[in-house]
Amino acid sequence: MALYILLLMLTACAATPQDLSGQMFTFPQETNSAHVRLTTSRQVLSAVTVCFRSFSDLRRDITLFSLSTPSADNDFGMYKLAATDALVMRIRNTRMDFIGQDYKLNTWHSLCSTWDSGSGLSQMWLDGQPSSRRFINSGSSISGPIIIVLGQDQDSHGGGFDIKQSFVGMMSDVHMWDHVLSPCEIQNYVHHLNFPPGNVLNWNELEFQIIGRVLIEDKQKVETCY
């Protein structure tokens, strides 16, 4: 078992589908190399919803989700700024800040973001609370080859990692869809109710590679122990 964990942390694993229900990725240290690379067969996206749960104690800027293509390093990205009330989306290399989002440290958060290329509208949902709908970019789809990374920000297609943008903490329940989820579907995700699993990324059938020191652990539950 110890050898298996060591190999899991220090080498790239084969991308075979795994059911990670009840588990989480743990990113235990700042690094410019350790990350999880997610695999999808979908290579053209005209609309996107991404949802996941995250936990971190970092006060600096952190990268939560990074999708890159050869035409745009930041084709779809999600970030938390050092100010805990600010979250950021980048679509087709265009940035939008969402203010008034209370991302508390040392707390599990459910985060969803949506974007539609037809209208160009995007929205961020933190723990089931929506932001204003904001225009970012319209008229062109995300077109692959797509590389999706957790734990690092891609400043080039598949690389260009910066330790000061790395994620430290835990992530779980990562799903991605090729359409905009309804508010009710997002609420169901947030509250662990019945929702349609992602058809681009599905935490219950996830294809991924781990590079560097990233652990797969059972998701922690704070329970009464006496």
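Observations on the model:
- Only DSSP H runs of four or more residues enter the estimate; each adds -39500 (n - 2.57), and after division by the residues of the chain the mean residue ellipticity at 222 nm equals -2000 deg cm²/dmol.
- Per residue value of the accessible surface for segment 74-226 (all protein chains in place, 1.4 Å probe), Å²: 44 Å²
- Shape class of segment 122-218 from the Cα gyration tensor (axes a ≥ b ≥ c, square roots of the eigenvalues): oblate, since a/c reaches 1.5 or more and a/b does not exceed b/c.
- Sites I99 and T16 - FRET efficiency at Förster radius 41 Å, r taken between beta-carbons, to 0.05: 0.50
- Largest GNM mean-square fluctuation across F27, F55, F135, computed for the chain with C-alpha springs under 10 Å, falls on F135.
- Most mobile listed residue (R213, R92, R59) in the chain, GNM with C-alpha springs under 10 Å: R59
- Inter-part distance where segment 24-88 and segment 102-168 are each reduced to a Cα centre, Å: 6 Å
- Debye log10 I(q)/I(0) at q = 0.18, 0.27 Å⁻¹ for segment 15-73, Cα point scatterers: -0.98, -1.57
- Segment 87-155: C-alpha gyration tensor shape, a/c 1.5 cut-off, then a/b vs b/c: oblate
- Our estimate of slack between S156 and N194, defined as 0.36 nm per intervening residue step minus the Cα-Cα distance, is 10.0 nm.
- Largest-first ellipsoid semi-axes for segment 28-140, taking √(5λ) over the Cα gyration tensor eigenvalues, angstrom: 22, 18, 12
- Gyration tensor verdict on the chain (Cα atoms; rounded if a/c is under 1.5, prolate if a/b is larger than b/c, oblate otherwise): rounded
- Fraction of accessible area attributable to carbon and sulfur, the chain (%, probe 1.4 Å): 51 percent
- For R37, the accessible surface of its heavy atoms amounts to roughly 90 Å² (probe 1.4 Å, protein chains only, rounded to the nearest 10).
- Label-to-label distance, nm, for residues given as D218 and Q129 (7 Å Cα→Cβ offset): 3.3 nm
The values are calculated or read from the model by the stated rules, or taken from the named source; none is laboratory data. Because the structure is predicted, anything quoted here is derived from the model rather than measured. Positions of Cβ are backbone-derived with ideal geometry, glycine not excepted, and every protein chain shown enters the neighbour counts. We work out accessible area using only protein heavy atoms, side chains counted, and drop any ligands, DNA or RNA first. Shrake-Rupley method; radii C 1.70, N 1.55, O 1.52, S 1.80 Å.
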